[in-house]
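Worksheet: the structure to be examined is printed underneath.
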Amino acid sequence: MSLKGFSAPWHLGSLRQWHWISSAVCLVGMLLFSVTGITLNNAAIIPAVPVITSIEAVLPQQILDDIELPNADKAPLNVELRSWLESELNIYIAGSVRGEWSDEDVYVALPRPGGDAWLSLDLTSGDILYERTARGWVAYLNDLHKGRDTGAAWSWFIDVFAIACVVFCVSGLLLLQRHAASRPSTWPMVGLGLVIPLILIILFVH
């Protein structure tokens, strides 16, 4: 038996393996991105009622006195201040988040998927103003789709997911090429997938 007889089935089996593994890895992500593609495309007709939470408080004088103005205009809050905010007001601010400092106050922007938040601290009086806006689960999932304010880990996930989708598509295309001879409609259908969006772009996208 020739080597060719061994290589073709092995190659076909490898393609199928790459295809089903990549499809399994991409399944949930593709469903998520497909559904949120619809919700993003129809965002204007999907109702959303923002829920705004406001907190006003006064920082204890001891903690306020321990705050030192940083040398830079943007710098993180100190550990003691962040710990007090989390334990007393249930406001978590990561150590990597930098506030905008001046001689009078510090302002911290806290953007997040599906909403927004900010905190302001008066460095003289210790007055704290905090506001959080939540726009609901649809907005949250839409921001995951866009990678908006989701952090580095989710950004890496999107990149890895995109690579897995490329593997899924390319292995599927090679499998289509393998079986095209016995399925005459294969390439016309593939061609439609190219021609339809191309026509829409040329005629309707300005």
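When the residues of region 171-205 are filtered to those that are hydroxyl-bearing (Ser, Thr, Tyr) and surrounded by 10 or more Cβ atoms within 10 Å (Cβ to Cβ), the one that is modelled with the highest pLDDT is 171. When the residues of region 94-108 are narrowed to those that are out of contact with any Lys or Arg (no Cβ under 9 Å at 6 or more places or on another chain) and in a strand (DSSP E or B), which ends up farthest from residue 149 (Cα to Cα)? Here the answer is 105. Close contacts from region 184-199, counting a first residue that is assigned by TED's automatic domain parsing to the domain that holds residue 169 and a second that is surrounded by 10 or more Cβ atoms within 10 Å (Cβ to Cβ), with Cβ to Cβ under 6 Å and a gap of 6+ residues or different chains, come to 186/176; 186/180. The requirement of being in contact with a helix residue (DSSP H, G or I) (Cβ under 6 Å, 6 or more places away or on another chain) and either of a type in the set (D, E, K, R) or outside the structural domain of residue 37 (by TED's automatic domain parsing) (or both) is fulfilled nowhere in region 116-125; no residue meets it.
Out of the residues in region 122-142 that are part of a strand (DSSP E or B) and more than 10 Å from residue 56 (Cα to Cα), which is nearest to the chain's Cα centre (by Cα)? If we take residues in region 122-142 being part of a strand (DSSP E or B) and more than 10 Å from residue 56 (Cα to Cα), then 134 is nearest to the chain's Cα centre (by Cα).
For the condition in a loop (DSSP other than H, G, I, E, B), of a type outside the set (S, T, N, Q) and in contact with a helix residue (DSSP H, G or I) (Cβ under 8 Å, 6 or more places away or on another chain), what is the one hit in 57, 48? Answer to the selection: 48.
Residue by residue, here is whether (1) surrounded by 12 or more Cβ atoms within 10 Å (Cβ to Cβ); (2) of a type in the set (Gly, Ala, Ser); (3) over 25 Å from the mean Cα position of the chain (by Cα) holds:
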{"site": "26", "(1), (2), (3)": "yes, no, no"}
{"site": "32", "(1), (2), (3)": "yes, no, no"}
{"site": "41", "(1), (2), (3)": "no, no, no"}
{"site": "46", "(1), (2), (3)": "yes, no, no"}
{"site": "51", "(1), (2), (3)": "no, no, no"}
{"site": "57", "(1), (2), (3)": "yes, yes, yes"}
{"site": "61", "(1), (2), (3)": "no, no, yes"}
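The values are calculated or read from the model by the stated rules, or taken from the named source; none is laboratory data. Just so it is clear, the model here is predicted, and its values are computed rather than measured. Glycine also receives a Cβ, built like all others from the backbone with ideal geometry; neighbour counts cover every protein chain displayed.
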